[in-house]
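Structure first, then comments.
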C-alpha cells in the first residue's frame, strides 16, 4: 500500500500499539477456536500495553494471571455494595449505569473505583 504522508507521521505510535493489538488478535482467534494462542489477554491488557502502562511479554508468552486477592482487600467494597442495596434497592432493583454513577460518587477510599467496581456490584447483587 502506498502510504499517505500523514500515515508516516504516526508510524512511531503505531509501532508502540501494534504488538498489543497483535496479542489481542491472537487471543481472539484462540477464543473463537480459529487458531491463535491462549495469552490471557483481556481488553485491559491490550489498552494498558498499547498505552505503554503495562508490560508486554513476548508474543508467545501469556500475561501473568490476575490473582484474586485477599478477603481483607475485598471486604470493604463488597460491604459497600451490600449496604448500598439495602439503602437504594427499592429505587434500583437492578444494577444499572445510573446506580453505578451514583455509587462511584459515594466511593471515598484510596482504591480507585475501576479496581473495586466488580466487588461493589457483587455485594449489591447478593440476595437478601
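Bear in mind that the values in this text are calculations on the coordinates, not laboratory data. Worth saying up front: this structure is predicted, and the values here are computed from it rather than measured. Cβ sites come from the backbone with ideal geometry, for glycine too, and all protein chains shown count toward neighbours.
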Let me check I have the definition right: for the range 71-124, take the eigenvalues of the Cα gyration tensor, multiply each by 5, take square roots. What are those semi-axes in whole Å, largest first? 17, 12, 9
Note: residue 22 to residue 100 extended length (0.36 nm per residue) minus current alpha-carbon separation gives 24.8 nm
Averaged across orientations, what area in nm² does the convex hull of the alpha carbons in the range 5-50 project? 3.6
When N counts the residues of the chain, how does its alpha-carbon radius of gyration compare numerically with 2.2 N^0.38 Å, as a ratio? 1.43
Based on the alpha carbons, how large is the Rg to Rh ratio for the range 42-97 when Rh follows Kirkwood? 1.19
Rounded to the nearest 0.05, what FRET efficiency is calculated for residue 126 and residue 72 with R0 set to 22 Å and r the Cβ-Cβ distance? 0.75
What is the fewest-to-most order of 102, 56 by other Cβ atoms lying within 10 Å of their Cβ? 102, 56
